[in-house]
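First the structure, in the form of structure tokens, and then the observations on it.
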Amino acid sequence: MMGFWLAWVGVLGWSAPPMDAPLGCGSSGLWVGVTVQSTVLEPRETLRVVELLRAYLGPRRIEVCVATVHGATRPAAIVGIGRESQERLSIAIEIQDDVTNKRVVRELELEQAMRNSWPVILAVAADELLRASWAELSLPELRDERTVAVEVRELVTEQTQPRRWFTFGGGFAYEYYRGGQQHLGGDVSLAVWPVDRFAVHARVGFRRGLPVSAPHGTIDASAAVLGLGVTVRAVRPTARVGVDVKTAADLVYVFFQGRSQGHAKARAGGDLAVTWNAGTDLWVRVGERVRIFAGIALGVVARPVHASDAGEIVTSVSGLAVATSLGVVGAF
């Protein structure tokens, strides 16, 4: 196999068109070079292999270019694709891994595969082989011994970290309603993540309203909140910083308590309000399983609840609503 790689470089050349790879490859971060033996694939097929590898590695901020291009930095790895045997249709994929300082090889039999499927098969195999080569970085004894690009660390963490199906959290909440009510309190929440970037979430919370002056005294309020909604995550689960987009429907049981002055008679009562809201959570990961978040949401009250004094509405949970939150979430 030692002569196999040298034969590509010294004799056989590349089939990828140079126009496909920008001269500044690697200028914005980590990159992987690709070279294909000219007797294996046609130029357009090589271009397809490069495009597919970009699709796999690009979202993880790893560029992919043809290896003949002069990169701004040294490539993290070189993916070489060449014919292993002249007697049969056997293709070898070889990874020269500069991250872990080793060379790994995988052999593929393509005799039974349709020609137009070769680029997909080779790109998938190269991606798997590259990840396998970097997987050793997940070993505890190697995590702190080597200085490795954050893109590689995140990719390794993503493929070796156990799947987290649930998140559980808690935090403080503040809500302002156009009808005059202002509520302070806290929530606990539970989310189920069937896929990495989508979740169904529920929350339970309790609120205390700020006192509101009325013609014959003051009105206090308290509330219990039950919410159900969905969350869409804008970044990879392994990212250090991210944004979640949320929408939800809340059932808010509001209880008003009047406090009279003079000879006025105070009354108490409650009713159910329904709100619809949408917003975002900005979060920072502070550990493998823990995130700190700050959120803001805008909503509208579909079913309002009012408090009145002498027949006149004084304050209410109604109209538009603005909510903010701050808390911690853990994954398990």
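Modelled with pLDDT of 95 or more, within 22 Å of Glu312 (Cβ to Cβ) and either in the same structural domain as Ile296 (by TED's automatic domain parsing) or in a loop (DSSP other than H, G, I, E, B) (or both): does that describe Phe255? Step through it out loud before you land on a result.
Working: modelled with pLDDT of 95 or more: yes; within 22 Å of Glu312 (Cβ to Cβ): yes; either in the same structural domain as Ile296 (by TED's automatic domain parsing) or in a loop (DSSP other than H, G, I, E, B) (or both): yes.
Criteria met by Phe255.
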Notebook entry, point to check: Taking the stated definitions as given, is Val212 surrounded by fewer than 14 Cβ atoms within 10 Å (Cβ to Cβ), on the phi < 0 side of the Ramachandran plot and either assigned by TED's automatic domain parsing to the domain that holds Tyr176 or hydrophobic (A, V, I, L, M, F, W, C) (or both)?
Noted result: no
Check: Can you name the number of the only condition in (1) at pLDDT 60 or above; (2) of a type in the set (Phe, Trp, Tyr); (3) surrounded by fewer than 19 Cβ atoms within 10 Å (Cβ to Cβ) that Trp31 fails?
Finding: (3)
Note to self: Suppose we filter the range 279-332 for residues that are closer than 28 Å to Asp220 by Cβ, in a loop (DSSP other than H, G, I, E, B) and in contact (Cβ under 8 Å) with a residue 60 or more places away in the chain; how many remain?
What the structure shows: 4
Next item on the list: Would you point out the residue of the range 269-289, among those that are of a type in the set (Val, Ile, Thr) and over 14 Å from the mean Cα position of the chain (by Cα), that is modelled with the lowest pLDDT?
Entry: Val286
Notebook entry, point to check: How about the range 124-175: which of its residues are modelled with pLDDT of 90 or more and in contact with a Ser or Thr (Cβ under 9 Å, 6 or more places away or on another chain)?
Noted result: Thr167, Phe168, Gly169, Gly170, Gly171, Phe172, Ala173, Tyr174, Glu175
Checklist line | Condition check for Ser38: modelled with pLDDT of 50 or more and surrounded by 15 or more Cβ atoms within 10 Å (Cβ to Cβ) | finding: yes
Next item on the list: Tell me, yes or no, whether the range 85-100 has at least one residue that is farther than 30 Å from Arg240 by Cβ, in a loop (DSSP other than H, G, I, E, B), at pLDDT below 85 and among the hydrophobic types (A, V, I, L, M, F, W, C).
Entry: yes
Note to self: Quick check on Thr247: is it farther than 20 Å from Ala310 by Cβ, in contact with a strand residue (DSSP E or B) (Cβ under 9 Å, 6 or more places away or on another chain) and either buried (at least 18 other Cβ atoms within 10 Å of the Cβ) or not assigned by TED's automatic domain parsing to the domain that holds Ser325 (or both)?
What the structure shows: no
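Quick check on Pro237: is it of a type outside the set (Asp, Glu), surrounded by 14 or more Cβ atoms within 10 Å (Cβ to Cβ) and out of contact with any Pro (no Cβ under 8 Å at 6 or more places or on another chain)?
Working: of a type outside the set (Asp, Glu): yes; surrounded by 14 or more Cβ atoms within 10 Å (Cβ to Cβ): yes; out of contact with any Pro (no Cβ under 8 Å at 6 or more places or on another chain): yes.
Considered against the rule, which asks whether it is of a type outside the set (Asp, Glu), surrounded by 14 or more Cβ atoms within 10 Å (Cβ to Cβ) and out of contact with any Pro (no Cβ under 8 Å at 6 or more places or on another chain), Pro237 comes out as yes.
The values are calculated or read from the model by the stated rules, or taken from the named source; none is laboratory data. Please read all numbers here as calculations on a predicted model, not as lab measurements. Cβ sites come from the backbone with ideal geometry, for glycine too, and all protein chains shown count toward neighbours.
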